[in-house]
Amino acid sequence: MSTIETPAVNKAIGKVRPHQTQNERLVFEKSSPGKKAYKLAPLDVPEVDPEALLGDAVRKDPPGLPELSEIEIIRHFTRLSTWNYAIDLGMYPLGSCTMKYNPRVNEWVSRIRGLAEAHPYRPDSLAQGILNIIDLLQKCLIEITGMDTITLQPAAGAHGEFTGILLVRAWHESQGNARKKIIIPDSAHGTNPATAAICGYQVENLKSNAEGGIDLEALTAQVDEETAALMLTNPSTIGVFEEQIHKIADILHDKGALLYMDGANMNALVGKVRPGDFGVDVMHLNLHKTFSTPHGGGGPGSGPVACKKFLEPFLPTPVLVQDENGMKTWNYDRPQSVGRVRAFYGNTGMFIRALAYILANGPDGLRQTTEDAVLNANYIRKKLEDVYELPYKTPSMHEVVFSDKKQVAKGVKTGDIAKRLIDYGFHPYTVSFPLIVPGALMIEPTESESLEELDLFIDAMRSIAKEVEETPELVKSAPHSTRISRLDEVKAARKPVLRWKPE
Amino acid sequence: MRYLPKSPAEREQMLAEIGVSSIDELFSVIPEEYRLTRDLDVPRQQAESEIIAYFNEEAAKNIIGYASFLGGGAYRHFRPIIIDSLVQRGEFLTSYTPYQAEITQGTLQAIFEFQTMIAELTGMDVANASMYDGSTGAAEAVLMAMRITGRSKAVVARTVHPEYREVLATYLRHRDMATSEVAYTKNGRVDLAALEESVTEETAAVLVQSPNFFGTIEDIPAIAEIAHKKGALLVVSIAEGVSLGIVRPPVEADIVSIEAQSFGVALSYGGPYVGVLATKEKYLRQIPGRLVGQTTDSNGNRGFVLTLSTREQHIRREKATSNICTNQALVALMATIFLTVYGKEGIRELAEHNLAKAAFAAETFKLQSGVKLLFEGAPRFHEFVIDTAEAPPLWSQRLLNEKIVGGIELKKWYPELGNATLWCTTEPIKRKDIEAAAKVLAAGLAEG
């Protein structure tokens with residue numbers, strides 16, 4: 001394989017790529033003055049003179065926005081879209097990201113007029129429908145997590161972590177001592193230490209044991225009266241369930257510390273086991289992972305925080321309550337609350353989608369989903385463990401982490417294998433994470449992959465392993481089939497160009 | 001289950017190949033005492049038709065077809081149809097954060113275009129790829145100012161959205177960062193004399209909003225001078241992006257935080273919306289969140305990548321500029337398409353229509369007996385505050401009978417304002433709605 005070079009002669013005629021991935025300039029470069037894609041309804045009130053009304057505050061120079069017609073805009077963004085890989089195109093095995101199917105009925109119901117056009121400040125009496133939806137989702141998520149109460153306000157997983165640790169801190173403060181440190185395993189997502197730091201805690205690293213799990217002895221030694229909480233991802237980022245989970249909770253609780261669970265990997269647990277039952281005090285969920293709301297190229301997410309009863313007084317304001325007439329309403333009178341973490345009530349559009357997903361599944365579907373996710377990961381593990389090094393032999397849940405140890409001998413690293421996967425029609429797995437596995441290949445197939453797609457992926461991975469032995473250069477210079485080849489990231493960072501400017 | 005692509009036989013085959021006899025064997029690592037041996041108590045599995053029926057039924061309990069004068073940080077503007085056509089393309093909808101640049105150029109180029117448009121609108125040098133919303137964006141902007149100046153105090157105008165101020169308070173709670181609030185004058189703007197007194201050599205940031213929560217446009221050059229004289233940074237929050245079509249951008253600011261919901265994003269009962277931070281080039285390395293930069297591939301082709309990620313949590317962990325990871329990418333795409341549809345001329349024309357509606361509404365309301373227009377004498381965009389002799393709950397019910405939702409009561413956040421209400425007139429509001437509302441406001445007094 002070689003890169004598809006664009007002959008100069010083709011560049012001259014403009015259309016230089018096969019149809020699906022046509023080149024497309026920046027929208028600004030396609031603009032010409034006087035083109036329009038809008039028409040406003042006639043103004044039914046008297047026109048005004050902006051300068052007279054606004055005085056010095058009037059805008060003199062219009063913003064340099066592009067001027068195009070509607071068809072050009074449709075083509076522009078459609079062409080751009082064809083440069084993306086997507087779940088809709090094939091397996092997207094990014095470990096820790098749970099790239100599952102995003103059901104289309106979710107999109108449809110989120111756009112129903114009465115829901116999509118609801119202003120957040122409309123009177124509660126005129127928002128009972130949306131409040132019922134929020135209430136039902138809250139109840140479902142409380143049941144799924146085995147917790148006692150919940151807030152849907154946080155906008156994403158990291159925002160949920162922030163909210164959860166604020167709850168931890170507020171509770172400790174109510175006990176007379178905020179405490180000083182949060183313990184975080186070295187296998188954790190980067191958001192965990194970043195969150196602890198913004199909540200005013202020192203981060204103390206906990207070294208994983210030989211199985212990649214929590215080292216109970218080390219934990220016992222580390223937890224003291226200044227420990228606020230342990231932030232634990234369970235299953236861990238190597239896809240392993242903490243078998244000693246209840247002992248972990250006991251060690252913490254004995255010293256008055258709390259157990260925070262990062263729910264990023266909840267797709268391995270739903271319907272099979274509940275964090276609230278195994279000693280977790282507070283946790284966040286990612287509706288955009290476990291509950292199928294679309295990742296959208298990086299958001300929006302939604303990061304509800306579920307917790308035990310004793311943390312309820314500290315939940316962000318407002319909290320949904322029901323009055324004596326059965327009317328649902330927002331309660332702002334929460335003297336012990338940690339405060340608001342965002343304006344309004346959260347990413348409501350995501351709540352609607354997540355609830356639609358739960359309804360489509362029901363209890364049996366949710367359990368089957370979890371089982372299939374775990375089945376898929378174990379199938380991949382079985383089919384690849386002879387060609388890729390498996391650093392931890394502990395049983396896998398919903399994801400499996402290999403290392404590039406065997407391939408490094410040929411000078412090929414995890415990042416190269418990932419890029420080569422692109423040539424086989426797959427999105428790469430998560431590269432070089434978790435940090436406890438040098439050269440990690442973190443693979444999370446999710447339940448959405450058929451046996452056929454899994455086998456294609458396995459064939460691709462085995463084929464790449466063979467290429468590493470026979471033609472390592474082919475792998476190291478991948479991808480070979482994309483519109484553009486590997487990009488110069490050093491150049492991008494050294495002299496940042498973050499916006500277009502007219503020449 | 002219809003989303004699961006496996007037959008029972010395939011499941012059996014896979015279990016056999018793995019070498020286990022049942023699926024539960026794969027879960028045997030979970031201590032038995034915690035395993036859930038019953039069904040979750042959630043509604044039973046439903047057909048697509050039932051799901052649609054359920055949400056339709058709930059949606060019907062929410063009003064539709066009312067004229068709404070609600071604003072206050074969430075604005076109803078017409079949403080061009082092509083926004084939803086384009087963002088529902090699976091390639092945008094179902095892709096992840098563009099870490100693998102070769103196969104996410106679509107998202108990356110669109111974000112680069114978004115960053116450019118925001119820089120153009122705000123008059124700043126650079127913008128990031130998005131924040132959760134305007135409230136968290138403003139809080140992150142204040143934290144950013146703290147990192148840049150090494151100072152630990154913030155001065156916040158009381159005319160900033162009250163919920164944004166609450167969010168800021170939450171973010172600063174454990175930061176040893178003191179804030180002081182600055183009052184407003186009778187024209188609804190920041191009290192400049194009070195501001196001058198509050199800003200000291202310890203002030204990291206002055207946070208104002210313009211147009212502010214009362215709809216009034218702040219005197220940004222004067223505020224900037226006060227902040228800069230003491231070495232503080234000026235953070236300007238903009239909750240209504242459409243205002244930038246006609247209102248001078250806050251070029252004197254050091255950081256601008258926008259809520260871009262107005263750019264083609266559904267109201268959706270408060271979210272998802274999209275925040276974005278814009279700043280001067282020199283402060284770039286302190287900006288939180290993702291950034292897309294231009295570069296070239298090995299053949300010299302232009303391409304885009306996520307860049308300067310050494311600021312971010314996945315690299316820097318506890319030393320990161322923020323813990324933000326997932327942002328609002330798809331919503332930023334909606335804004336990008338909206339801004340492309342309206343373009344250079346359209347955004348001005350749209351803003352002018354909003355300006356004209358509000359001018360007409362304010363003048364019409366003012367003529368009614370028992371209605372007083374507050375904060376006159378300063379420029380406004382499309383929101384204004386009135387005081388009514390009659391208590392708002394009384395006339396709001398009469399308005400609802402006419403299928404009109406009136407303005408927002410301000411007493412909850414500004415007890416000193418009594419019966420004052422905040423009204424917003426975006427372009428979908430019709431003249432007849434304004435006149436009908438005015439009639440109802442006047443009627444109370446006549447009857448009473």
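So the values come out like this:
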read-out: Distance (nanometres) between label positions extended 7 Å along Cα→Cβ at B:THR296 and A:HIS480; value: 2.4 nm
read-out: Charge tally in the Cβ shell below 12 Å around A:CYS199, where Lys, Arg are +1 and Asp, Glu are -1, A:CYS199 excluded; value: +3
read-out: Cross-link partners of B:LYS411 among lysines (Cα-Cα below 17 Å; sequence separation of 8 or more within a chain); value: B:LYS186, B:LYS372
read-out: Antiparallel bridge percentage (DSSP; both residues within the protein assembly as shown; nearest 5); value: 55 percent
read-out: A:ARG25-A:ARG113 FRET efficiency (beta carbon distance; Förster radius 30 Å; 0.05 resolution); value: 0.25
read-out: Stokes-Einstein translational diffusion, the range B:81-338 - Kirkwood Rh over all Cα pairs, 0.890 mPa s, 25 °C, in µm²/s; value: 132 µm²/s
read-out: Relative contact order of the range A:147-358, pairs being alpha-carbon contacts under 8 Å that are 6 or more residues apart, as %; value: 27 percent
read-out: Theoretical gain in end-to-end length, B:LEU192 to B:LYS412 [0.36 nm per residue, Cα-Cα removed]; value: 76.7 nm
read-out: Extreme residue, positive dipole direction of the range B:81-338, given options B:THR310, B:LEU291, B:MET124 (C-beta unit charges); value: B:THR310
read-out: Top positive-direction residue, dipole computed over chain B with Cβ charges, set B:ASN354, B:THR216, B:PRO393; value: B:THR216
read-out: Cα-projected label distance for B:GLU25 with A:ASP135, points at 7 Å along beta-carbon direction, nm; value: 4.7 nm
read-out: Charge context of B:ALA183, other residues only, Cβ under 9 angstrom, K/R +1, D/E -1; value: -1
read-out: Charge dipole (chain A, unit charges on Cβ, about Cα centre) - positive-most of A:ALA493, A:LEU384, A:SER125; value: A:ALA493
read-out: Cα gyration tensor shape for chain A, rounded if a/c is under 1.5, else prolate or oblate; value: oblate
read-out: Net charge dipole size for chain A [Lys, Arg +1 and Asp, Glu -1 on Cβ; Debye, nearest 20]; value: 1400 debye
read-out: Two-site FRET efficiency, B:GLU225 against A:SER69, from Cβ-Cβ distance with R₀ of 35 Å, rounded to 0.05; value: 0.20
read-out: Number of partner chain Cβ atoms within 10 Å, mean per residue of B:116-129; value: 4
read-out: Peptide B:73-82, shielding by other chains (average Cβ, 10 Å cutoff); value: 3
read-out: The protein assembly as shown: C-alpha gyration tensor shape, a/c 1.5 cut-off, then a/b vs b/c; value: prolate
read-out: Test item: B:245-254 mean partner chain Cβ contacts at 10 Å; value: 3
read-out: Contour minus Cα-Cα distance for A:ASP61 and A:GLU452 (0.36 nm per residue); value: 135.0 nm
read-out: Computed [θ] at 222 nm, deg cm²/dmol, chain A (DSSP H ≥ 4; -39,500 (n - 2.57); rounded to nearest 500); value: -10500 deg cm²/dmol
read-out: Centre separation in Å (Cα based) which lies between the range A:209-283 and the range B:390-448; value: 53 Å
read-out: Footprinting exposure proxy for B:SER309, A:SER174 (fewest neighbouring C-beta atoms within 10 Å first); value: A:SER174, B:SER309
read-out: Mean Cα-pair separation over length for chain B, i.e. relative contact order, pairs under 8 Å, 6 or more apart, %; value: 20 percent
read-out: Whether the range B:296-448 is rounded, prolate or oblate, judged on the alpha carbon gyration tensor where a/c under 1.5 counts as rounded; value: prolate
read-out: Where labels lie 7 Å past Cα in the beta-carbon direction, separation of B:GLU376 and A:ASP250 in nm; value: 7.5 nm
read-out: Charge dipole magnitude, Cβ of K and R +1, D and E -1 - the range A:371-489, Cα centre, debye nearest 20; value: 500 debye
read-out: Ordering of A:399-411, A:275-287 by burial proxy (mean other Cβ atoms within 10 Å per residue, highest first); value: A:275-287, A:399-411
read-out: For chain B, calculated [θ]222 nm from helices alone, where every DSSP H run of n ≥ 4 adds -39500 (n - 2.57); value: -12000 deg cm²/dmol
read-out: For chain B, share of DSSP beta bridges that run antiparallel, in % to the nearest 5; value: 55 percent
read-out: For the range B:205-318, the spread of Cα positions along each principal axis, largest first, Å; value: 51, 40, 32
read-out: Rounded to the nearest 20 debye, dipole of chain B from Cβ charges on Lys, Arg, Asp, Glu; value: 680 debye
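Readers should treat all values here as calculations from the given coordinates under stated rules, not as data from a laboratory. What you see is a predicted model; the values in this text were computed from it and never measured. Don't worry about glycine lacking a Cβ; one is built from the backbone with ideal geometry, like all the others, and counts go over all protein chains shown.
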